[in-house]
1. If you count the DSSP beta bridges with both ends in the chain, what percent of them are antiparallel, to the nearest 5?
2. Quick check: from the Cα gyration tensor, does the stretch 572-666 come out rounded (a/c under 1.5), prolate or oblate?
3. Any idea what angle helix 663-680 forms with the longest principal axis of the chain, computed on alpha-carbon atoms, 0 to 90 degrees, nearest 10?
4. Given the C-alpha centroids of the stretch 93-143 and the stretch 684-727, what is the distance between them in whole angstrom?
5. Once neighbouring chains are kept in place and the probe is 1.4 Å, which whole percent of the accessible area of the stretch 606-655 is contributed by carbon and sulfur?
6. Which of (1) 29.9; (2) 28.5; (3) 27.4 is the computed Kirkwood radius over Cα pairs in Å for the structure on display?
7. Quick check: at a probe of 1.4 Å, how many percent of the accessible area of the stretch 413-535 sits on carbon and sulfur atoms?
8. Quick check on the chain: helices-only [θ] at 222 nm, where DSSP H runs of length 4 and up contribute -39,500 (n - 2.57) each and the sum goes over total residues. Nearest 500, please.
Amino acid sequence: MQSEELIRVDAPTLLGTMPYWTREEPAASDRPVLLVIPSSFMDVSALNRLPRLLADDCQVVLAPLPLTIAPIVPDLAAWRVAAALDQVVGQGFRGRPLVVMGFGDGGLIAVMMRAPEIVRILSLDPPVRSAQAWPLRAAVADRLARASDPVRRFLSDIYGADDDAAGRDHRGLFQTAQAPVEVLVGSEPLMPERAVAKSPSLVDEDDRAWLRETGGARVRVVSGAGHDLAREAGGALLDVARAAAAGAAAFQRPLEQTAARLADATPWGARRVLYLGPEPAAFATQFRGRNPRATVDLAAADGAYDAIVLAGQAPAHAVAIADALAVDGCLLVATQLGRPSRLMSQALAEAGLATGHADAAATPVGTALIRARKTARAPLRLTTVVYARSLMDIRTELPVRGLRSAPDLRVDYQWPPFAQAAGGTPEVVVMTRPAEWTVEAWRATAARAIMAGQLLVIEYDDHPELVYQITRGARPKAEDWERFRLVHGIQTTTEPLVDLFRRFNPEVALFPNAVFALKPFQAGPRPRRVFFGGVSRGPFVVEVARALAPTIAAHPDTTFHVVGDRAFFDALPTRAKVYDDLLSYDGYLEAMAACGISLSPLSDSPLVETKSDAKYLDAARAGVVTIASPTVYARTIQSGRNGLIAATLGDWPAMLGRLLGDDAERERLARAAWKDVRDRRMFADQIAVREAWYRDLLARREDLDAAVVERAPGVLRHLPSGALPRAQRVRTT
């Protein structure tokens, strides 16, 4: 882009280097930022006057969509583009109030962004429902026909594939936006389809009404304009941008709203915490849910603290209270964006503390979270790439939330593929249930990881043969096991799986399933409601359901809630039953918590013993008693102490009747299970163990690279000569 007054800045992102253009700005600037995202049909140079016209109001940053940049990854999914722009914000404008203004499909990307600096979003005539956007139909079809695969992915995400008449419905994005949204639309109506001299607005009257009434957006109609607001309504755009910049400059988020987010950002493993700020009870309740054995003080006491959390405190107070930190303790300070944030960081640094910002995912919008330590430690970069998304919260999103609280981890969470640029910063990449690629594709991935300084770890929480039986109705082939040889390490959930995976790779870590939030134990009688949840559990569970008939007859007021297994539901000899096909993880936990008893039958069939005791944990955290099969659950449940083990088919009705007839017995067992989870199975206790293992892997990276090639010599075909520092140790025959 040619402009004498604009400078180009190249920002590293998950999509590779992304450029943006802006005017010179002092390094310590606190002014608001206007991030402008042109549509994929615009030339960014059409907007190069904006930075000068708005120079007195804000710093304008022109950030084109990366469709003309050769991507490092073969995927320009819309969410990845938004995440890359979030990284641009975090690197170049951290802690400054920011307004995002996106044109057309750039307006949808703006709504997808999640950077905490964003305080307002201006979405300019976006294709809310792409099937309605008939004025772009020919242009999109032409672009799709000529586009590379990465660009096709972006266009398909926004407009739908060229054979998809239904298009894409983006209305839901506006309900989950990071900040208040203002949608500007032209007054030239979209419908009906007709010959037009200029493109009309892409947002029809129905969508405008939906955005106002359901989407929570402010909709402003620009008189005399159609879709091309940049050309047809320049004056109106400048007025809107100036007003948004002024609002951003004056933005103050009430710190009272940050208590829950601060509790999530506080290191979950901290055992002694001091909190000084608004809503102290809310903070203490939230954090004790993460770590129920922690002590949370709301006034300073003698002794050292693992974590000190401040909200709305003066810099001098923060510096003084930092003396109470333990040697490895963490100070977490919440301030307003802009000058307060800069002054706090400066004061802590001048006091000799090592400062850094908290993970953006834990930072409330419009607020800066600053971490400080007495001693600096090199951060460890950790990326979780989620291949299996359904029913996997306890192995994907929830662990990432906990790991992000660790002050020395920099955690990224994304969908595949992941960037593998040669010569990158060393990092650990955890691949959750990765796809069954060809062996050659895995070899190439391993080689790129070696070149990029990445340690590849497979997260696998089930026996691969069981997964294949359910998904393919077949057993895995010999080459399907090769992926476990071609990575640097494996993490899993049970000891039988550790033994299995060590046949292919010696670097296996055991991280059992755990509980992420524990509420206080609920004493007293519970409803006569029984829970069963499972997917494709086979004929044995049907036998169990039928066997319950005498107990159901003896306790006719008992109801059942079944999730996932229709065969079990149909076999239950009662009309007092409710069925849900699938629930979100939160919905599943709520359904279980509304019951008093949970049933976990498992057949004693090959490979099932490798499964985890996750359903026991889900029940115990909610004060629900588990009756379970000895397969898997005998490793956890001591029958009669923290649950019941049904060793025979006849035990199921007898044990269910025992609990339905004795509230005191049910509560005794439930309380013991709850304490068991509190003392041994909280995720907060795993964070330091996981970090230590990842750091150990990185410390041995060269040896582990060589070990990968030793197990799979075919990787060498994908490596340039001399790429492996210790190649002389590798057998190739």
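The values are calculated or read from the model by the stated rules, or taken from the named source; none is laboratory data. This one's a predicted model, so the numbers in the text were calculated from it and none came from an experiment. Cβ placement follows ideal geometry from the backbone for every residue including glycine, while neighbour counts extend to all protein chains displayed. Accessible surface is based on the protein model in full, side chains and every heavy atom, while ligands, DNA and RNA are left aside. Shrake-Rupley method; radii C 1.70, N 1.55, O 1.52, S 1.80 Å.
1. Once the DSSP bridges in the chain are tallied, antiparallel ones form about 20 percent.
2. Note, shape of the stretch 572-666 comes out rounded.
3. 50 degrees
4. Computed from Cα coordinates, the inter-centre distance equals 40 Å.
5. Here carbon and sulfur together make up 56 percent of the probe-accessible area.
6. (2)
7. Within the stretch 413-535, the accessible surface is 52 percent carbon and sulfur.
8. -9500 deg cm²/dmol
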